[in-house]
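The values are calculated or read from the model by the stated rules, or taken from the named source; none is laboratory data. Since the model is a prediction, treat every value here as computed from it, not as a measurement. All Cβ positions, even for glycine, are placed from backbone atoms using ideal geometry, and neighbour counts span all protein chains on display. Surface areas here come from the heavy atoms of the whole protein model, side chains and all, with no ligands, DNA or RNA. Shrake-Rupley method; radii C 1.70, N 1.55, O 1.52, S 1.80 Å.
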Amino acid sequence: MKAWLVERNGDPKDVLEWKDAPEPVVHPGMVKVKVLAAALNFPDILLCQGKYQVTPTLPFTPGVEIAGEIVELGEGVTTWQVGDLVFGGPHSDAGAGGGYAEYAAMDADSIFRVPDGMPAEEAAGYLLTYQTSWVALHTRGQIKAGDVVLVHAGAGGVGSAAIQLAKAAGATVIATAGGPQKKQVLTELGADVAIDYQSEDFVQIVKDATGGRGADIVYDPVGGDVYDKSTKCIAFEGRILIIGFTGGRFAQAATNHVLVKNYSVVGVHWGYYKQMRPEVIPEADAALSELHAAGKIKPYISKVYRFSELPEALEALGGRKTTGKVVVVPD
């Protein structure tokens, strides 16, 4: 088969090469899929650079999120059939990634069925964004109808999912993004109030929109200064959900302020549920499938590239020139 290979570490545009590679070995408990679409994620860039927390054995193929059609079943696999359309993370003998190839192996007990009517390019970018946002808002954030939810980086992958899921739960959504184009995306995704954080003060806007009460839930994938400012517009008994740190700085929670203002700072590590409470993940998948069938959520894919354009696509992602999810599909 053909695959994008990394034989030395560096920026994706410098080290990715489209080459012949052996098809993945299908071990017991695994399936082999023909890759129909692969979603881009920041870890793919870090994997290429050798800066990710997992360091794969060189050479390797990045790509941590795919959708595909099962073409072969490993020994002992009884829950899937050849021809099933599935999505999830590929299994790589190199230690990480494996999705940017014509074929990939996947663990049979860690994949999900593509919802009826969902195109492959949407399914490829569905797992991490919607599972993370569901667990954040429902399991950790205890969202309820009537809540006011402030979503930061709302034009991004997890942020766009959070806007849709909060609206589906009956919340009022205030969302932030950088620049007028991304602000327009927030409105298109369903945000009740859209804020360009580059030119507007989200703290004051949240206070004005809530009569001074603040947001019941803050969904924060950014951290740093955004977290610090969010503590100024969190409601009594509000929850600040820590999703990530794309801003580059880990915020320091002032616990005296947490106490005096009576709010919670809540960590959201979706992957940890696989180990500690694995039942949460299929429960979330079932709930998400119902919402998709009802037309209440739709993965926001801002651009579809061809496989041959992968280095260019990763460069756009790394330069923060994208919104929502970006995917590649076979040429």
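Can you name every one of the strands (runs of 3 or more DSSP E) wholly within segment 50-114 that holds 1 or more residues which are of a type in the set (Ser, Thr, Tyr) and out of contact with any helix residue (DSSP H, G or I) (no Cβ under 7 Å at 6 or more places or on another chain)?
On the way: elements: 66-73, 85-88, 103-107.
Filter on segment 50-114 gives 103-107.
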Return a yes/no flag: does segment 38-59 have any residue that is among the acidic types (Asp, Glu) and farther than 30 Å from Gly248 by Cα.
no
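Only residues that are among the hydrophobic types (A, V, I, L, M, F, W, C), under 24 Å from Gly190 (Cβ atoms) and either at pLDDT below 95 or open to solvent by 70 Å² or more (accessible area, probe 1.4 Å) (or both): list them for segment 269-303, please.
Pass one, segment 269-303, residues among the hydrophobic types (A, V, I, L, M, F, W, C): 270, 276, 280-281, 284, 286-288, 291, 293-294, 297, 301.
Narrowing the set further to residues that are under 24 Å from Gly190 (Cβ atoms) leaves 270, 284, 286-288, 291, 293-294, 297, 301.
Correct list: Trp270, Ala293.
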Mind checking which residues of segment 9-48 are in contact with a Leu (Cβ under 8 Å, 6 or more places away or on another chain), over 19 Å from Pro330 (Cβ atoms) and in a helix (DSSP H, G or I)?
Lys13, Phe42, Ile45, Cys48
With respect to Ala155, determine if the residue is in contact with a Lys or Arg (Cβ under 9 Å, 6 or more places away or on another chain) and either at pLDDT 95 or above or not hydrophobic (A, V, I, L, M, F, W, C) (or both).
yes
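For segment 250-303, how many residues meet the condition of being among the basic types (Lys, Arg), under 21 Å from Ile217 (Cα atoms) and part of a loop (DSSP other than H, G, I, E, B)? Full working, then the answer.
Our first condition is that a residue be among the basic types (Lys, Arg); within segment 250-303, this holds for 261, 274, 277, 296, 298, 303.
Restricting the remaining residues to those that are under 21 Å from Ile217 (Cα atoms) gives 261, 296.
Right, trim to part of a loop (DSSP other than H, G, I, E, B) and you get 296.
Within segment 250-303, residues that are among the basic types (Lys, Arg), under 21 Å from Ile217 (Cα atoms) and part of a loop (DSSP other than H, G, I, E, B) number 1.
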If you take the residues in segment 243-266 that are small (Gly, Ala, Ser) and surrounded by 11 or more Cβ atoms within 10 Å (Cβ to Cβ), which one is nearest to the chain's Cα centre (by Cα)?
Gly244
What is the one condition in (1) open to solvent by 40 Å² or more (accessible area, probe 1.4 Å); (2) in contact with a strand residue (DSSP E or B) (Cβ under 9 Å, 6 or more places away or on another chain) that Asp11 does not satisfy?
(2)
How do the pairs read when you match residues in segment 277-294 that are within 15 Å of Ala161 (Cβ to Cβ) with residues anywhere that are open to solvent by 30 Å² or more (accessible area, probe 1.4 Å) and assigned to a helix (DSSP H, G or I), using Cβ under 7 Å and keeping only pairs 6 or more apart or on different chains?
Ala284/Trp134; Ala287/Trp134; Leu288/Trp134; Leu291/Ala168
Just for segment 158-205: of the residues that are aliphatic (A, V, I, L, M), open to solvent by 30 Å² or more (accessible area, probe 1.4 Å) and in a helix (DSSP H, G or I), which one is modelled with the lowest pLDDT?
Val158
Selection count where residues are under 16 Å from Glu122 (Cβ atoms), in contact with a Pro (Cβ under 7 Å, 6 or more places away or on another chain) and among the aromatic types (Phe, Trp, Tyr), scope segment 288-331:
0
Please indicate, with yes or no, whether at least one residue in segment 207-214 is part of a strand (DSSP E or B), among the aliphatic types (A, V, I, L, M) and in contact (Cβ under 8 Å) with a residue 12 or more places away in the chain.
no
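Does Asp116 fit the bill of being modelled with pLDDT under 95, out of contact with any Pro (no Cβ under 8 Å at 6 or more places or on another chain) and either of a type outside the set (Phe, Trp, Tyr) or closer than 20 Å to Pro28 by Cα (or both)? Break it down stepwise before answering.
Details: modelled with pLDDT under 95: yes; out of contact with any Pro (no Cβ under 8 Å at 6 or more places or on another chain): yes; either of a type outside the set (Phe, Trp, Tyr) or closer than 20 Å to Pro28 by Cα (or both): yes.
When the stated conditions are applied, Asp116 passes them.
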Quick check on Ser133: is it under 30 Å from Met30 (Cα atoms), crowded, with 24+ Cβ neighbours inside 10 Å and in contact (Cβ under 8 Å) with a residue 12 or more places away in the chain?
yes
Which of the following residues is of a type in the set (Asp, Glu), open to solvent by 60 Å² or more (accessible area, probe 1.4 Å) and on the phi < 0 side of the Ramachandran plot: Glu72, Glu65?
Glu72
Candidate set: segment 215-249, residues that are out of contact with any strand residue (DSSP E or B) (no Cβ under 7 Å at 6 or more places or on another chain) and in a strand (DSSP E or B); chosen: the one nearest to Leu46 (Cα to Cα):
Glu237
